[in-house]
Amino acid sequence: MPSNRVLVVGAGAAGCMAAITAAQNGAQVLLLDRNAKIGRKLMITGKGRCNVTNMTETLDDLIAQVPGNGRFLYSAFASFMPQDTVDFFTSHGVPLKVERGRRVFPQSDHASDIVDALRRCLSENAVEYKIARVDALLAENGAVSGVRTETGENILADRVILATGGKSYPQTGSTGDGYRLAERVGHTVTALRPSLSALVCHEGLCSACMGLSLRNTAIRVYDTVRKKDIYKDFGEMLFTHFGVSGPIILSASAHMREMQPARYEIYIDLKPALSPEKLDARILRDFNENSNKSVANVLALLLPRAMISPVLRLAGIDGFVKVNQITKAQRSKLAQTVKSIRLTVMDFHDIREAIVTAGGVKTSEVDPKTMESKRCKGIYLAGELLDCDAYTGGFNLQIAFATGHLAGISAAAPKQ
């Protein structure tokens, strides 16, 4: 058997990159996954568009986007920067484009183009693919010797790369199996939690506005323990039956590192383009032009219809009252409410629907220069399985590609 026989467990972003890189560096590679097709989770990222990376130029700036153990990724990022990700896909027939926030997408807006490029590259590099669910890692004298599948088959190898993903979107095969496998060879798995997640909120306003999508909306997140704002954003959000979701909410959730019920508050500005003074003037103008109409009817000129009743309730104003009966103080309170609707965050939503799993295999137990386990020789770890998570914007896929690339190089190296 060749001295560089490598098994890669998991055919997501990290696993495919690891398998390709190991093969390009001379290894005989077998890629194992429970699914018949590679990249199941990649197909749904970025709402099916696949935000492959972010064109952050410097290593320090890239690491700054990873609040979860970013320094651990220094060597991985240094060996495979965002430009390397771009070069990889463009060289394999996928034209890319850079959008707001330096986010990189395929020009086609189809994640399938990214998956197809990985599939072609696996084939071109003679990576063998086998449908199998790994039940255990085989190890002797502190070194890996292969894997055992759930059917009882032993597959021998010199090196094994674990890239099984986290616990989010289990229907794609990302069920957390890798954590169990790593624990059985001595690894510590830190507490798992959702990241880039929808949020459960206390207020009934959310269910009352369920299905309403707000665009051009500003939010700020206040930490009631630290007594300070920890995040601000502008863009699109969505009300759900349990709370809030949408792009700016998912981004905000990554900053809620110490979730406790009611610790974090979200303040929504429905009219961020208007200062409080300009908003008051706009409301006054609408009232003067429609003096005999009810407040609720006039507010339809300013707010989405689903928001009118909740806003009036928060402002303490009867929606049936004619606008010519509204006092200056009531009008001021109305403007304040429009500029600052408070939501109390009680928890993350279900981890199974989070974009990323935070927590994972403890990074101090992995060699950052090679991605090799310090607990069992010959095992390498990559991607979401590791206790590393980043903000939204393509950074989490960059972690997957970079750690997969480094693990592939390291696992393919001849035995010393």
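The values are calculated or read from the model by the stated rules, or taken from the named source; none is laboratory data. Keep in mind that what you see is a predicted model, and the values were worked out from it rather than measured. Using ideal geometry, Cβ is built from the backbone for each residue, glycine included, and neighbour counts are taken over all protein chains shown.
Any chance segment 379-389 includes a residue that's out of contact with any helix residue (DSSP H, G or I) (no Cβ under 7 Å at 6 or more places or on another chain) and either surrounded by fewer than 24 Cβ atoms within 10 Å (Cβ to Cβ) or β-branched (Val, Ile, Thr) (or both)? Checking segment 379-389: at least one residue is out of contact with any helix residue (DSSP H, G or I) (no Cβ under 7 Å at 6 or more places or on another chain) and either surrounded by fewer than 24 Cβ atoms within 10 Å (Cβ to Cβ) or β-branched (Val, Ile, Thr) (or both). Screening the candidates 312, 334 for the property of being in contact (Cβ under 8 Å) with a residue 40 or more places away in the chain, farther than 27 Å from residue 251 by Cβ and not polar (S, T, N, Q) yields one hit, 334. Screening residue 265 against (1) at pLDDT 95 or above; (2) in a helix (DSSP H, G or I); (3) crowded, with 16+ Cβ neighbours inside 10 Å leaves a single unmet condition, (2). Looking at segment 268-295 only, could you name the residues that are among the polar types (S, T, N, Q) and either part of a loop (DSSP other than H, G, I, E, B) or not assigned by TED's automatic domain parsing to the domain that holds residue 308 (or both)? Within segment 268-295, 275, 290, 291, 292 meet the criteria.
Pairing each residue of segment 150-174 that is over 22 Å from residue 353 (Cβ atoms) with any residue that is among the aromatic types (Phe, Trp, Tyr) and at pLDDT 95 or above, provided the two are 6+ apart or on different chains, yields C-beta distances under 9 Å for 159/380; 160/380; 161/380; 162/380. Scanning segment 368-416 for residues being assigned to a loop (DSSP other than H, G, I, E, B), touching a strand residue (DSSP E or B) at 6+ places or on another chain (Cβ under 8 Å) and more than 25 Å from residue 86 (Cβ to Cβ) gives a total of 4. Of the candidates 39, 26, the single residue that is assigned to a loop (DSSP other than H, G, I, E, B), of a type in the set (Gly, Ala, Ser), in contact (Cβ under 8 Å) with a residue 60 or more places away in the chain and over 24 Å from residue 197 (Cα atoms) is 26. The number of residues in segment 250-305 that are among the hydrophobic types (A, V, I, L, M, F, W, C) and over 30 Å from residue 65 (Cα atoms) comes to 14. For residue 345, indicate whether it is surrounded by 24 or more Cβ atoms within 10 Å (Cβ to Cβ), more than 15 Å from residue 16 (Cβ to Cβ) and in contact with a Lys or Arg (Cβ under 9 Å, 6 or more places away or on another chain). Criteria met by residue 345. Here residue 142 meets each of (1) buried (at least 20 other Cβ atoms within 10 Å of the Cβ); (2) over 20 Å from residue 382 (Cβ atoms) with one exception, condition (1). Here the condition is being farther than 21 Å from residue 41 by Cα, of a type in the set (Gly, Ala, Ser) and assigned by TED's automatic domain parsing to the domain that holds residue 37; of 186, 235, it holds for 186 alone. If you filter segment 48-69 down to residues that are part of a loop (DSSP other than H, G, I, E, B) and charged (D, E, K, R), you find that the one that is surrounded by the most Cβ atoms within 10 Å (Cβ to Cβ) is 49. Scanning segment 144-156 for residues that are of a type outside the set (Ser, Thr, Tyr) and either at pLDDT below 95 or not in a strand (DSSP E or B) (or both), we see that the one that is nearest to residue 37 (Cα to Cα) is 150. The condition of being assigned to a loop (DSSP other than H, G, I, E, B), acidic (Asp, Glu) and out of contact with any His (no Cβ under 9 Å at 6 or more places or on another chain) holds for only one of 236, 183, 203, that being 203.
Answer yes or no as to whether residue 134 is within 23 Å of residue 91 (Cβ to Cβ), surrounded by 15 or more Cβ atoms within 10 Å (Cβ to Cβ) and of a type in the set (A, V, I, L, M, F, W, C). No; evaluated as a whole, the condition is false for this residue. Tallying residues that are without any contact (Cβ under 8 Å) to a residue 12 or more places away in the chain, over 38 Å from the mean Cα position of the chain (by Cα) and under 24 Å from residue 213 (Cα atoms) within segment 277-309 yields 1.
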